1. Quickly run through the stretch 106-162 and pick out the residues that are hydroxyl-bearing (Ser, Thr, Tyr) and farther than 15 Å from Arg84 by Cα.
2. Residues in the stretch 375-383: is at least one surrounded by 14 or more Cβ atoms within 10 Å (Cβ to Cβ) and part of a loop (DSSP other than H, G, I, E, B)?
3. Among the residues of the stretch 145-172, count how many are among the acidic types (Asp, Glu) and either within 24 Å of Thr121 (Cβ to Cβ) or buried (at least 17 other Cβ atoms within 10 Å of the Cβ) (or both).
4. Which of the following residues is in contact (Cβ under 8 Å) with a residue 24 or more places away in the chain, under 39 Å from the mean Cα position of the chain (by Cα) and assigned by TED's automatic domain parsing to the domain that holds Asn81: Asp143, Asp108?
5. Restricting the stretch 291-335 to residues that are surrounded by 16 or more Cβ atoms within 10 Å (Cβ to Cβ) and among the β-branched types (Val, Ile, Thr), which is nearest to Leu225 (Cα to Cα)?
6. Where in the stretch 223-279 are there helices (runs of 4 or more DSSP H), lying fully within it, with 3 or more residues that are out of contact with any Ser or Thr (no Cβ under 9 Å at 6 or more places or on another chain)?
7. Conditions first: (1) over 33 Å from the mean Cα position of the chain (by Cα); (2) more than 17 Å from Pro551 (Cα to Cα); (3) surrounded by fewer than 22 Cβ atoms within 10 Å (Cβ to Cβ). His487 passes all but one, so which condition is the exception?
8. Hey, could you check the stretch 361-373 for residues that are more than 20 Å from Trp312 (Cβ to Cβ) and among the aliphatic types (A, V, I, L, M) and say which is surrounded by the fewest Cβ atoms within 10 Å (Cβ to Cβ)?
Amino acid sequence: MAHWKRRNWKGGLAGVAVLSLSSLWVWAQDGDPFGRATTTPGSSPATRPIAPPLRAPGDKEHPVVLAIRETNPSSPDQWLNAARVMVDIREYAEALKYLGQLDGANIDDEQAFALHRQVGTGTLLEFKRIPELQPLGESLARDILERAIRYSRNPVRIDQLIEQLDERSIHRRTEALEELRALDLDGINAVLARAGQASEQERIVLVDTLQAWGSTVDPVLTAALESPSQGVRQIAIETLGRRQSASALIWLLEPLWSSSSDDSERTAAETACARILGHMPSRTESVQRVHRAWQAREQGLGNYATRESMRWNATSGRVERTNLTVHESSVLDRARMAETLAALDPSSDEFQMLAWRGRLAIAQSQVGADGRVDASSLSWLPRTPDSVDRLVRLLEIELRDSRTTSAVAALDLIGQLGEASLLSSPSGEASPVAEALKHSDRRVRLAAARTIIGLGPDRSFPGSNRIVSTLCFFIRSEGEQHVLVGHPVQSDNQTLTGTLASLGVHADAATNGRDLFLKAVANPDLEAILLSEYLNGPESYELVQQLRRDPRTAEIPIGLIVHYEHLDWARRIQRDESRVVAMPWPHGPEIVRMSLDQIAQKAGQRVTAFERRARQADEAMSLLQAAADNPRVYSFEDLHAQQETLVDLTRSPNMTDHAVGLLGIVGTPEAQRALMDVIGDSLYPIEIREAAVDALEAGIARRGLLLTTRELERAYDRRNAAVSEDSSSQQVLDRMLDVLEAPSLSTSGSRP
């Protein structure tokens, strides 16, 4: 009897230990990897502090240890239960025995999923963090979690859960719903995918399922309205209507009135809109609502803060979560609304232009800021003269409204579809393409130059004189970060430029407004201007206006630096002028860096990154060479005016080879002297020096020999001093002398 009582006591204790696990380990459910976390955002799953063992070494074994041993755990779920009981009483050595047995069981994904449901994420994280259980605790917990997550997202299992939604057992239906909701976006996409081939009865079940997600499903369903599948669109419409989602109303008006909607989809949209509004909207009311929403999205343009967005991915055929700037999201929404307006009123030329604007903006965003839209990839764009006329009109509107993304796309498409004749007009005014050369955005200016060169005009046109100066602005770029400082006191300028240099920023300074303006318009790498309130000639406020009017500096952010007592005055200017930041004079590297960050945030994405500036410089140089080869359109005087820039570029490692070729076309005395300097400098690669000889020969052939006697003597002195140099260097110098002697030989008719 005594023996029976002892066994009964142990069995009862083991039963209590096992059956009470759910109450002892409620905290273990926090941080579920399937989306059911109850912790606050950014927090870690709840775990208990590690405590020392309950008994000292040498004590008798814990009665719970003996009780669990009596139950003889023999399966993965029993081993895991036993291990967590041992952890609960801090018997870590005993827990390791059961974890070792579990590790050797080679469980599959389905078993891991069941084990995770049994103990929760918190228990597994506890195994990972207790030192006495390592390394087995961490590796086993990670393996179970990875396998459980993989199994939870197995497409076959998800299909089974969707099938389970229609079972008679409410318990089974609820279980399937909770499992799908735990999958978050994957679960919604799975339900939507099933909707494509669902019967009427199945669609009712799927709509009920989607409704159970609550308000989080609205943006997903709104994005799903762009699906090409009629079944997906219809179930999204029905669910949004059943939820009476006011935010989705604007997107339901397109299927309501679109001629491409079939009867069932249009009926679903009618029902949904009536549920939300309480009445069926007329076509006129629908147009007004969409147009107001289109205008409201304009507030987000230019805002480059990032936020999460739901978008339909045509490639994967599902809704995806993506991070977009507010600007990008607004552009996409406006494009979609413009398509709705065009569908609501096909006869409106204004709405058709809005739709084209949106399509161009999307096309440009798909190829990236530096990419070029290919006309052959746009199925909606007819390759006709009417399309070119519409693109030119659209470009004019975009330039007026400073919509740079679609303006760049329009320019590239005009270059592919248009003809050179569109650059001229009977009135003698510059075309919108030529006007784009004066735009404040450098991408637009470069695209305009690219388009004009590509059209291949055979005679000059209004605005052709801007091409060379526009391209030379780009090729002066060194691809580095530059800041310009303006303060009337030289010592203050030196202090701030020195601080900027310690931060790795190239800085220049000016002590008066005129000098600052000239330096600003000449520097294509300028990323910010720090302007003192005390600067004169002109004074600071007038200088801000002047900088904003010039296309070369219109987008450069300005830090208006004032004393604390004048901050209110500076902040009024900040409110009135875009990309102006009022700030006190920065002291110390940390404050200077914070000031630059503040200015960059104000500028958003308008200041071109230096890597992109370097690529633009390479493209501009290629375009400039093409322009120089067409003197009938781009006059010599335009290139001659830029010869100082070209001479400077002979000292630029990335531009020397291009510069020497253009100096050969210029052929002026200054150009010939610069080419001789390149030829005579052994620090240049031999290929560059040989190219300079070719350019010098071409320049002399065009303009004649324009060097002085003293300069010719220096050329001979340089050759005589090269006796110790390698043979290739001597040969280049010999070629230079031959080129210099050729004009006199041709005059005398004999050789020496």
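1. Answer for the stretch 106-162, where residues must be hydroxyl-bearing (Ser, Thr, Tyr) and farther than 15 Å from Arg84 by Cα: Ser139, Tyr151, Ser152.
2. Yes - at least one qualifying residue is present in the stretch 375-383.
3. Of the residues in that region, 1 qualify.
4. Matching residue, one of Asp143, Asp108: Asp143.
5. Val319
6. Result: 230-243, 263-277.
7. (3)
8. Here the answer is Ala369.
The values are calculated or read from the model by the stated rules, or taken from the named source; none is laboratory data. Computed from a predicted model, the values in this text were never measured in an experiment. For neighbour counting, all protein chains shown are included, and Cβ atoms are generated from backbone atoms with ideal geometry for every residue, glycine included.
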